[in-house]
Amino acid sequence: MAVMLARDPLAFESTIDSDTAPLAEVVLALLAAGITPSMLRDLTWGGLVAALHEVAAAAEVAIAINEATIPIRDDVAGACEILSFDPLYVANEGRFVAFVSPDQVEQTLAILRQHPSGIGAVAVAIGHVTHRGQASVTARTLLGSDRPLDLLSGEQLPRIC
């Protein structure tokens with residue numbers, strides 16, 4: 001959203017700063033601690049939903065997430081609302097998803113949250129794989145209903161890089 005608002009001809013006044021960050025060091029810290037992720041994916045192209053769809057398709061699994069646990073800053077959510085964007089589809093170069101076994105979730109979160117890069121400041125468990133066989137991504141909404149998170153037919157935002 002920082003890039004979008006900087007490019008926007010409407011000239012929004014915004015304090016949204018880019019959270020672009022290198023991810024290699026924090027990923028290496030996870031590996032050094034013995035975390036064995038089955039998949040890691042950055043959120044650069046297509047945001048969270050696109051990343052989850054890529055994982056679901058590659059592994060032939062169904063993924064369920066909980067929207068209430070996803071950390072979206074209020075200013076970003078507000079900008080998305082004004083521009084009619086769903087923040088789950090917004091590209092984000094400073095974040096990633098990690099798929100780890102249930103017994104490694106707490107250790108993974110602790111490592112991410114303590115890493116000096118600050119990337120893990122918003123590290124949370126947002127969902128799980130529900131079953132194998134058919135690739136899908138769904139979200140439990142803030143109202144308690146489930147909604148499918150489909151891939152967009154086009155791009156929601158211009159590419160960042």
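The values are calculated or read from the model by the stated rules, or taken from the named source; none is laboratory data. Just so it is clear, the model here is predicted, and its values are computed rather than measured. Using ideal geometry, Cβ is built from the backbone for each residue, glycine included, and neighbour counts are taken over all protein chains shown.
Against the condition surrounded by fewer than 19 Cβ atoms within 10 Å (Cβ to Cβ), part of a strand (DSSP E or B) and modelled with pLDDT under 95, how does residue 94 come out, does it pass?
Yes, satisfied.
Kindly check whether there is at least one residue in the stretch 44-54 that is surrounded by 17 or more Cβ atoms within 10 Å (Cβ to Cβ) and among the aromatic types (Phe, Trp, Tyr). Within the stretch 44-54, not a single residue is surrounded by 17 or more Cβ atoms within 10 Å (Cβ to Cβ) and among the aromatic types (Phe, Trp, Tyr). Counting only strands (runs of 3 or more DSSP E) that sit wholly inside the stretch 109-157, those with at least 2 residues that are surrounded by 15 or more Cβ atoms within 10 Å (Cβ to Cβ) and touching a Leu at 6+ places or on another chain (Cβ under 9 Å) are 136-140. Give the stretch 60-91 a look and list any residue that's among the hydrophobic types (A, V, I, L, M, F, W, C), assigned to a loop (DSSP other than H, G, I, E, B) and touching a residue at least 60 places away in the same chain (Cβ under 8 Å), or say none. Scanning the stretch 60-91 gives 85, 90, 91. Taking residue 81 as the residue in question, decide whether it is surrounded by 16 or more Cβ atoms within 10 Å (Cβ to Cβ) and closer than 24 Å to residue 15 by Cα. Against the criterion (surrounded by 16 or more Cβ atoms within 10 Å (Cβ to Cβ) and closer than 24 Å to residue 15 by Cα), residue 81 does not qualify. For the stretch 30-43, the set of residues classified as surrounded by fewer than 18 Cβ atoms within 10 Å (Cβ to Cβ) and assigned to a helix (DSSP H, G or I) consists of 31, 32, listed by residue number.
Residues in the stretch 65-75 that are surrounded by fewer than 18 Cβ atoms within 10 Å (Cβ to Cβ) and among the hydrophobic types (A, V, I, L, M, F, W, C): 68, 70, 72. Scanning the stretch 94-109 for residues that are touching a Lys or Arg at 6+ places or on another chain (Cβ under 6 Å) and without any contact (Cβ under 8 Å) to a residue 40 or more places away in the chain yields nothing. The residues of the stretch 43-83 that are of a type in the set (S, T, N, Q) and either more than 22 Å from residue 144 (Cα to Cα) or in contact with a Phe, Trp or Tyr (Cβ under 8 Å, 6 or more places away or on another chain) (or both) amount to a single one, 44.
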